């Protein structure tokens with residue numbers, strides 16, 4: 001019996017890139033295998049109206065009236081998926097860096113090998129990057145997995161890649177508490193990854209590509225210093241037992 005799967009990009013003011021994300025998904029093999037929910041984190045640039053124009057193609061959306069952060073947006077996707085009885089959630093970028101044709105790379109280990117959490121990695125064989133990846137991001141995307149590997153005891157290659165899939169049953173574990181204010185921004189993603197590994201869920205990485213758009217379209221909404229501290233600090237707070 002096939003699993004009930006939801007694919008969910010999250011986006012804030014990504015009108016141009018998100019339109020391409022949606023169109024690529026609708027043409028991909030995943031369109032026939034999964035439902036599609038976009039979490040619109042308070043966009044003000046026409047993103048909201050653009051998403052609604054795809055409603056007749058089965059594209060669902062949740063809108064935050066104000067920007068709350070990527071962690072809060074992912075939390076909304078998780079809550080919706082659990083409430084609607086989905087078994088697997090795939091999170092992917094709303095800025096067109098991920099290839100929807102590779103969703104199967106994340107789903108197959110869950111469906112065929114009984115994994116609970118599959119992390120996409122651009123640094124495995126058959127994965128890779130394309131486009132103009134900034135130098136500071138190359139450094140940061142190597143530093144973060146080194147530190148996360150150190151605190152989890154598991155060798156990891158790409159812990160900042162938001163392209164990942166997991167069984168929603170992992171959130172039944174009492175050791176995972178998503179409803180913490182400090183997880184509203186970039187902290188939520190490394191939090192879930194850390195917890196999945198430390199709590200003993202069956203985990204693996206799978207090769208995916210990450211394509212950086214032309215510089216004039218903007219790489220990311222993440223600010224180099226504030227944003228990277230946001231994604232780094234869960235390693236220290238959880239590793240030292242300061243946060244739960």
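Could you tell me whether region 116-130 includes any residue that is in a helix (DSSP H, G or I) and closer than 23 Å to residue 22 by Cβ?
no
Do we find a residue being in contact with a strand residue (DSSP E or B) (Cβ under 7 Å, 6 or more places away or on another chain) and more than 20 Å from residue 227 (Cβ to Cβ) anywhere in region 128-145?
Yes, the conditions are met somewhere in region 128-145.
Give the residues of region 95-115 that are under 22 Å from residue 22 (Cα atoms) and in a loop (DSSP other than H, G, I, E, B), sorted by residue number.
Selection gives 95, 96, 97, 98, 99.
Show me the strands (runs of 3 or more DSSP E) entirely contained within region 1-88 in which 3 or more residues are more than 18 Å from residue 171 (Cβ to Cβ) and either touching a residue at least 60 places away in the same chain (Cβ under 8 Å) or touching a helix residue (DSSP H, G or I) at 6+ places or on another chain (Cβ under 9 Å) (or both). Can you show your working first?
On the way: elements: 5-11, 35-41, 59-64.
Strands (runs of 3 or more DSSP E) meeting the threshold: 35-41, 59-64.
The numbers here are math on the coordinates, done by the rules we state, and not lab data. The structure presented is a predicted model; accordingly, all values stated were derived computationally and were not measured. In this analysis, Cβ positions are derived from the backbone assuming ideal geometry, glycine residues included, and neighbour counts consider all displayed protein chains.
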